[in-house]
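> Quick one: the structure is below, and I'll ask about it shortly.
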Amino acid sequence: MTFETILLDKQDGVGLITLNRPEALNALNSTLLDEVADALIALDEDSDIGAIVITGSEKAFAAGADIKEMAELSFADVLKTDKFALINRVFEQVRTPVIAAVAGYALGGGCELAMACDFIIAADNAKFGQPEIKLGVIPGIGGTQRLTRIVGKSKAMDMILTGRMMDAEEGERSGLVSRIVAVDDLLETVLGIARDIAALSHPAVAMAKETTDRALETTLHEGILYERRVFHSLFATEDRREGMLAFIEKRQPKFKHQ
Ligand code: CAA
């Protein structure tokens, strides 16, 4: 696959998508969003890949949707193409864990892209924000919904209504960020975490992701029942037997992903 606006690399069971429009601080134009969607689908279909990392540059994960591309669009234009529908659909469909490695600005659509990932590891220079209100619009790739679920209504309203930025520490404190890493160590650290996940049983990892996502979609009672049934179903895998035997025999498990 050849791309204009992203770089795609595969190593040790990990797919790495690097947003690559440095001249525009990785602003998400249509080409970039289509290419991220294509890369995610291809990596998700690749049975050698057990985890995906999305990253940007040291200065910007992504400074939002491309304002220059959007400036002249009409209501009819964005409605007709259902702008930003595709990338949301793709994130809903991908079953491989996706980690956002965020350094620098993650603003607007950039913050939303990071939140669409399964978790966010931030460099100490990361800055998150939903500044769309300053442009006369609102977030359009899930920001009002995901940010509110992640950080709660009060902080989400503060961010969305003022457009202010949040640094990595505030992000970690409020649950947006799972860990903070020194900017120079960000990519190696996140790739290491992704490699560790990729080495686990792929069926168990896919089920863990799906079941955890359920927590935001269903009642506690239904979610706990769903979890228990998935737990039961994993007793059908060879990997479950291998994982438990390896523990008892005090050795590393050799998962076959089946
Ligand atoms: N779209 C298009 N181009 C952008 C961009 C964006 N979102 N963000 C930055 N750029 C471009 C700039 O226009 C500039 O290009 P030129 O050199 O050709 O002028 C280049 O990237 C570098 O940017 P700056 O000179 O502005 O860099 P800075 O370090 O002074 O400021 C910044 C950095 C604070 C991130 C600033 O660029 C900024 O505020 N960007 C816009 C942030 C924003 O409003 N994002 C929300 C977009 S709307 C959205 O995302 C909708 C949605 O929910 C999907």
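> Between residue 95 and residue 47, what length comes free when the chain is fully extended (0.36 nm per residue of separation minus the Cα-Cα distance, one decimal in nm)?
Once the chain is fully extended between residue 95 and residue 47, it gains 16.1 nm.
> Please give the length that would be gained between residue 78 and residue 217 if that part of the chain were fully extended, namely 0.36 nm times their separation in residues minus their C-alpha to C-alpha distance (nm, one decimal).
Length gained, residue 78 through residue 217: 47.3 nm.
> Once both labels are modelled 7 Å past Cα along the beta-carbon direction, what's the residue 184-residue 162 spacing in nm?
Result: 3.3 nm between the two label points.
> Follow-up. So for the range 201-249, what percent of the C-alpha to C-alpha distances run longer than 15 Å?
Within the range 201-249, distances greater than 15 Å cover 49 percent of Cα pairs.
> Give the cross-link partners of residue 256 among the lysines, using a straight C-alpha distance below 28 Å as the criterion and excluding same-chain residues fewer than 8 apart.
10, 209
> Hey, what number do you get for the chain at 222 nm if only DSSP H runs of n ≥ 4 count, each worth -39500 (n - 2.57), divided across all residues, to the nearest 500?
Calculated from helices alone, the mean residue ellipticity at 222 nm is -13500 deg cm²/dmol.
> Assuming 0.36 nm per residue, please report the length gained on full extension of the stretch residue 195 to residue 1 beyond their Cα-Cα distance.
67.6 nm
> For 128, 247, give the ranking by accessible area with the largest first, probe 1.4 Å.
Ranking 128, 247 by accessible area, largest first, yields 247, 128.
> Would you be so kind as to identify all helices of the chain, as entire DSSP H runs, whose Cα atoms reach 15 Å or more along the helix's own axis and whose mean Kyte-Doolittle hydropathy is at least -1.0?
30-45, 186-198, 202-214, 220-233, 238-248
> If you wrap the chain's Cα atoms in a convex hull and average its projection over all directions, what's the area in nm²?
One quarter of the hull surface, i.e. the mean projection, equals 15.0 nm².
> Considering only protein heavy atoms, with the full assembly of protein chains and a 1.4 angstrom probe, order 211, 31 by accessible area, largest first.
Ranked list, largest accessible area first: 31, 211.
> Next question, about the same structure. Among 33, 101, 156, whose Cα projects farthest towards the positive end of the dipole of the chain, with charges put on the beta-carbon of Lys, Arg (+1) and Asp, Glu (-1)?
Of the listed residues, the answer is 156.
> Under a straight-distance cross-link criterion of Cα-Cα below 12 Å, which aspartates and glutamates are reachable from residue 155, leaving out those fewer than 8 residues away in the same chain?
Answer for residue 155, where 12 Å is the Cα cut-off: 170, listed by chain and number.
> Give me the one-decimal Kirkwood hydrodynamic radius in Å for the range 1-88, with the sum taken over alpha-carbon pairs.
13.9
> For the full complex of protein chains and a 1.4 angstrom probe, list 1, 244, 166 by accessible area with the highest value first.
Sorted descending by solvent-accessible area, the residues read 1, 244, 166.
> OK, next. Within the chain, what's the longest run with no trypsin sites (Lys or Arg not before Pro) in a DSSP loop and at most 16 other beta-carbon atoms within 10 Å? Give the range, please.
165-249
> If you count, for each residue, the other Cβ atoms within 10 Å and average over each peptide, how do 101-108, 200-207 line up from highest to lowest?
Sorting 101-108, 200-207 by mean packing, highest first, produces 101-108, 200-207.
The values are calculated or read from the model by the stated rules, or taken from the named source; none is laboratory data. Values in this document were obtained by computation on a predicted structure and should not be read as measured data. Every residue, glycine as well, gets a Cβ built from its backbone with ideal geometry; the counts of neighbours run over all protein chains shown. Heads up: the accessible areas ignore ligands, DNA and RNA and are worked out on the full protein's heavy atoms, side chains in. Shrake-Rupley method; radii C 1.70, N 1.55, O 1.52, S 1.80 Å.
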